[in-house]
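Comments concern the structure below.
The values are calculated or read from the model by the stated rules, or taken from the named source; none is laboratory data. Please read these numbers as outputs of a predicted model, since none were measured by experiment. Please note: Cβ atoms are built from the backbone with ideal geometry, for glycine as well, and neighbour counts cover all protein chains shown.
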Ligand code: PHE
C-alpha cells in the first residue's frame, strides 16, 4: 500500500489530536452553553459525560483507525465489511456539515483579530450591538471566512506531519499562557466572584433533560468524537503508542482549556453586568469590554493576541475536519490529495453560505419558522453536531460490540499497553463500550429526536 504518511512521534499525535479537540468548541461554544444551561450544573454534567462516556469512545475510535490504517469509511469497511462502512460515511457527512458552519464562526474570530488589532473595534460604545452588526454583514464575513478556508486547505495539502503536527506544537502552549494571564486579570475585577459562583457552585434545580443533552452533545463536539476524526488520526499512528494514555492526555487538555475559558468569561460577564445566557455572542461581547479597559494600546495588543490564538485553535480543528473527507477520497477513490483538498474546501465553503447568511443578512435563513424561529446555523449545529455526534458514538460502540468484538479491541489496545489485557482499564472500557454506551446513547438519541422534532418527551 502507498505510504499514507504518519505522525512523526507519539507527542506529535497527541498534540495534533488535542489541537483538533481544542478549538471554538472550548472557547466560544462551551461558555455560552454553560451560560444558557444553568452554570455549574452544566459544567458538572459535561465533566461526567467527558470522562465516563466519551473517554472510552475516544479509545475505541483511535483503536479502530490504528487497526485498519484507513480513512473513516475504509476503517469500518475493512474490519466489518461494506455495510458497516456507512458508519464512517455518516461521520464524513457530519464532518462536512460541521466544517461548513465552523468556518463561519472561525471567520468571526479572524475578523475580530483584524478589527481589534488594526481598526477601532475597542472604541465601540456597545459591543453587543457591534457583534450583531458584524455577523449580519455579508461582505466582511465572506472575506474572512474565505481566508480561513484557504489557510486550512493550505495546511491540509501539506499532509499530516508536515503541516498539522508542526503548527499545533507551537500554538497550543501559547493559548494556555494567554488564557491564564487573562484569568488572573479578570479575577481582580469587581463582582468577579459572582461569576465564579455561577460557574462553580452547582444548583441542582437546574438539572433537566435539556441540560443533559446539551452537555453530552458539547462533550462529543469538543473532543472531536463521533464523526471519524480520531479514526482518521488514529490511522496515522504506529503500534507502540499507548492509546489509553494518549486518549487520557487529549481529554485532559481539551477539558482544561474549556474549563479555563469559563473561568475567564464568567467573572468578566458578571463584572460588566452582562447576562450569561446571551448565546453565541457571549465571548465576542464579554471579551472586548475587558480589552477596552486595558487602555487603547495594551488592549489592542492583548485583545488582538487573544483572537489570533483563538484563530489558531480553530485552525487546528478545521484542519482535522477537512482531513476526514480528504482522507476518504484519497484512500478510497485514489484521487490526488491536492485536488481533493482544494475541491472539498470550495465545496464546503459553499455549503456554509446559508449559515453565514443566517445571522441577520437574509431573513429566511436567520429566523426559520419551521425550526422554532432559529437560524440555519443553529439548525446545522444541532442536527449534525448535538444530535449526530452522540449517535455516531453509539454506532461505533455497536460496531465494536457486535461486529469487531471486544477481544479484538483489547488486542489492538494491548500493542503499546502490554499489561492491558486483564487489567481494570480493560474491564471498564469494555463494559462502557459494549454495554453502557450503546444503551445510554441510543436512548438519548431517541429521546432527543422525539423531543426536538415531535415535542414528545420520555423523561
Ligand atoms: N473539537 C473541535 C472544537 O471544540 C470541533 C471539532 C468537532 C473538530 C468535530 C473536529 C471534529 O472546536
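With respect to residue 48, determine if the residue is surrounded by fewer than 24 Cβ atoms within 10 Å (Cβ to Cβ), away from the ligand (no atom under 15 Å from the Cβ) and closer than 25 Å to residue 399 by Cβ.
Criteria met by residue 48.
Just one of the numbered conditions (1) within 16 Å of the ligand (Cβ to nearest atom); (2) crowded, with 23+ Cβ neighbours inside 10 Å is not true of residue 237; which one?
Evaluating residue 237 over (1) within 16 Å of the ligand (Cβ to nearest atom); (2) crowded, with 23+ Cβ neighbours inside 10 Å leaves (1) as the failure.
From 101, 30, 90, grab the single residue that is touching a residue at least 24 places away in the same chain (Cβ under 8 Å) and more than 16 Å from the chain's Cα centre (by Cα).
Step by step, each of 101, 30, 90 is checked, and only 90 is touching a residue at least 24 places away in the same chain (Cβ under 8 Å) and more than 16 Å from the chain's Cα centre (by Cα).
So if I check each of 21, 40, which one is touching a helix residue (DSSP H, G or I) at 6+ places or on another chain (Cβ under 8 Å) and surrounded by 21 or more Cβ atoms within 10 Å (Cβ to Cβ)?
From the options 21, 40, the qualifying one is 21.
Being in contact (Cβ under 8 Å) with a residue 24 or more places away in the chain and within 16 Å of the ligand (Cβ to nearest atom) is the requirement here; does residue 227 meet it?
yes
When you scan region 343-365, do you find a residue that is closer than 30 Å to residue 440 by Cα, in a helix (DSSP H, G or I) and in contact with a helix residue (DSSP H, G or I) (Cβ under 8 Å, 6 or more places away or on another chain), even just one?
No, region 343-365 contains no residue that is closer than 30 Å to residue 440 by Cα, in a helix (DSSP H, G or I) and in contact with a helix residue (DSSP H, G or I) (Cβ under 8 Å, 6 or more places away or on another chain).
Going by what's in this entry, would residue 332 be described as touching a residue at least 12 places away in the same chain (Cβ under 8 Å) and more than 16 Å from the ligand (Cβ to nearest atom)?
In short, yes.
Would it be correct to say that residue 111 is at pLDDT 95 or above, under 21 Å from residue 305 (Cβ atoms) and within 16 Å of the ligand (Cβ to nearest atom)?
Judged against the criteria, residue 111 is not a match.
Check residue 19 against each of (1) under 17 Å from the mean Cα position of the chain (by Cα); (2) away from the ligand (no atom under 16 Å from the Cβ) and name the one condition it does not meet.
The single condition residue 19 does not satisfy is (2).
So which helices (runs of 4 or more DSSP H) stay within region 369-459 end to end and still have 1 or more residues that are within 16 Å of the ligand (Cβ to nearest atom), at pLDDT 95 or above and out of contact with any strand residue (DSSP E or B) (no Cβ under 8 Å at 6 or more places or on another chain)?
376-381, 388-398
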